[in-house]
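Below is one structure, written out as structure tokens; the observations come after it.
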Amino acid sequence: NYNLQIYPNPNNGEFVIEMEAKETGSIELTVVDLLERTVYTEVVKQTTGTFRREIDIKEYAAGVYQLMLITKGKTLNKKIVIK
């Protein structure tokens, strides 16, 4: 429904999030590690259209992370692999 893309994935801690926002509203981005510690969080006021954000978490250890994107009361979850 939102056409969420994360690339490259796997990555070195730098990656891009893109999605098509079909409704006006804010977007909350949170990246957590396997112990559910927040390593990145941001709230973006967004209008309808393409949303694109470059994320840099390369100071964190290699491993699997979870991206949670919350908008309009819906949560999208995607895995991110840092090598």
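What to note about this one:
- Per residue solvent-accessible surface (Å²) - the chain, probe of 1.4 Å: 61 Å²
- Using the average count of surrounding beta-carbon atoms within 10 Å as a protection proxy, the listed peptides 2-13, 53-64 rank, highest first, as 2-13, 53-64.
- Antiparallel %, DSSP beta bridges [both residues in the chain], to 5: 95 percent
- Estimated dipole of the chain in Debye, rounded to 20 [Cβ of Lys and Arg +1, of Asp and Glu -1, Cα centre]: 200 debye
- Kirkwood-type radius of the chain, with distances r between different C-alpha atoms, in Å: 12.9 Å
The values are calculated or read from the model by the stated rules, or taken from the named source; none is laboratory data. None of these values were measured; they are calculated from a predicted model. Positions of Cβ are backbone-derived with ideal geometry, glycine not excepted, and every protein chain shown enters the neighbour counts. Surface accessibility is based on the protein's heavy atoms, side chains included, excluding ligands, DNA and RNA. Shrake-Rupley method; radii C 1.70, N 1.55, O 1.52, S 1.80 Å.
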